[in-house]
Amino acid sequence: MQRQTQLQHWLCEQYPNRPFELTFAAADADYRRYFRATFADGTTVICMDAPPEKMRESVLNYLKIRDLFSHLNVPTVLAKNLDDGFIVLNDLGDTQYLKAMQMHPNDLAAHKALLLEAIDALIELQKSSQPNTLPEYDHEKLLAEVNLFPDWFVAKELNKEFNFKQRQLWQEGIADLLPVIEAQPKVYVHRDFIVRNLMLTRDRVGVLDFQDALYGAITYDLVSLLRDAFIEWDEEFVLDLVVRYWEKARAADLPVPVEFDVFYRWFEFTGVQRHLKVAGIFARLWHRDGKDKYRPEIPRFLNYLRRTTRRYQELAPIYALLLELVGDEELQTGYTF
């Protein structure tokens with residue numbers, strides 16, 4: 001409440017003689033929160049609350065990348081107070097793509113239309129990519145992310161440790177996984193290009209939560225979009241949209257391979273890296289930070305992992321490891337182990 005009161009006082013200074021009501025709007029997985037200020041005339045702004053002792057670097061990244069991505073429909077900065085960690089942004093509304101899809105869960109034609117709009121925005125983002133602008137999504141970063149799986153999901157969620165054989169399977173699988181990702185052409189990578197971070201607006205799709213962007217594998221954001229934590233589509237639906245992206249990317253002269261099979265293999269391998277990472281992150285959010293919102297979705301990523309790793313000989317060690325850890329039955333989301 002102290003932070004909210006401090007934010008309210010600062011906003012009064014920014015908007016003198018304009019009474020407003022401040023209400024909670026959203027919270028990220030980190031320490032960032034958002035409030036909506038609604039003025040007497042019905043207009044609104046979004047207020048980011050990012051405690052500077054925890055979030056200063058992230059906020060600076062947010063401002064830098066917002067400018068870099070300004071050709072997309074990203075929030076406009078209306079006022080900022082970096083010392084206290086407050087930023088005022090224009091309001092892109094409260095209809096996430098996820099919310100719109102969940103309101104009509106069986107309308108796959110509507111889902112597809114929204115996802116194609118998101119793919120168009122992704123193409124625009126990738127077309128603007130320039131080297132040496134964002135940090136590289138390099139081997140060290142990719143490896144640190146996949147290691148969240150043994151460090152947090154296996155050790156904390158399953159309360160297990162790899163035995164010698166399992167450690168060998170893990171190392172062999174990761175050694176074959178990461179080079180396929182690292183060898184892909186590099187573009188700007190949002191890193192959390194998911195339907196919770198895309199907004200349905202009157203104009204084009206709104207894009208949020210881009211402060212962790214890097215320069216990395218061209219398939220990464222497409223995987224994030226189509227293999228989501230909170231909503232899932234069957235593989236035929238996803239495959240069709242991967243084809244649509246690939247066709248659009250080729251038409252836009254983005255560096256995708258001529259053979260779709262090669263591109264789809266890239267997509268699948270990148271997905272395995274991301275799914276391992278997310279399972280670890282969701283476990284860490286619960287066991288370290290006490291945030292249980294994401295924990296029930298871990299089984300979805302385990303299902304993604306098993307379906308993909310059993311299709312490729314190079315990923316057979318990871319598949320074998322998953323069978324030992326969680327078995328071969330499809331898991332239902334909404335509960336954990």
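The values are calculated or read from the model by the stated rules, or taken from the named source; none is laboratory data. Keep in mind the model is a prediction, meaning the values are calculated, not measured. Here the Cβ positions follow ideal geometry from the backbone for every residue, glycine too, while neighbour counts run over all protein chains shown. Ligands, DNA and RNA are excluded from the accessible area calculation, which covers all protein heavy atoms including side chains. Shrake-Rupley method; radii C 1.70, N 1.55, O 1.52, S 1.80 Å.
Points to keep in mind about this one:
- Residue count for region 51-87, restricted to those that are touching a Phe, Trp or Tyr at 6+ places or on another chain (Cβ under 8 Å), modelled with pLDDT of 90 or more, over 17 Å from LEU208 (Cα atoms) and assigned to a loop (DSSP other than H, G, I, E, B): 1
- Residues satisfying the stated conditions in region 289-315, i.e. assigned to a helix (DSSP H, G or I), out of contact with any Lys or Arg (no Cβ under 8 Å at 6 or more places or on another chain) and within 24 Å of ARG265 (Cβ to Cβ): ARG300, PHE301, LEU302, ASN303, LEU305, ARG306, ARG307, THR308, THR309, GLN313, GLU314, LEU315
- Among the residues making up region 160-178, a single one is outside any helix (DSSP H, G or I), in contact (Cβ under 8 Å) with a residue 12 or more places away in the chain and open to solvent by 70 Å² or more (accessible area, probe 1.4 Å): LYS160.
- Of all residues making up region 5-50, the number that are surrounded by 13 or more Cβ atoms within 10 Å (Cβ to Cβ), over 27 Å from the mean Cα position of the chain (by Cα) and either without any contact (Cβ under 8 Å) to a residue 24 or more places away in the chain or not in a strand (DSSP E or B) (or both): 11
- Candidate set from region 125-142 (those that are part of a helix (DSSP H, G or I) and closer than 9 Å to GLY216 by Cβ); member that is least open to solvent (accessible area, probe 1.4 Å): LEU142
- Residue count, region 182-198 (criterion: open to solvent by less than 10 Å² (accessible area, probe 1.4 Å) and within 17 Å of the chain's Cα centre (by Cα)): 7
- Residue that is of a type in the set (Gly, Ala, Ser), in a helix (DSSP H, G or I), at pLDDT 90 or above and surrounded by fewer than 14 Cβ atoms within 10 Å (Cβ to Cβ), where the choices are ALA100, ALA109: ALA109
- Identity of the residue in region 51-75, free of Cβ contacts under 8 Å to residues at least 40 places away in the same chain and open to solvent by 60 Å² or more (accessible area, probe 1.4 Å), that ends up farthest from PHE86 (Cα to Cα): SER70
- In summary, GLU236 fulfils each of the numbered conditions (1) of a type in the set (D, E, K, R); (2) on the phi < 0 side of the Ramachandran plot; (3) outside any helix (DSSP H, G or I) with the single exception of condition (3).
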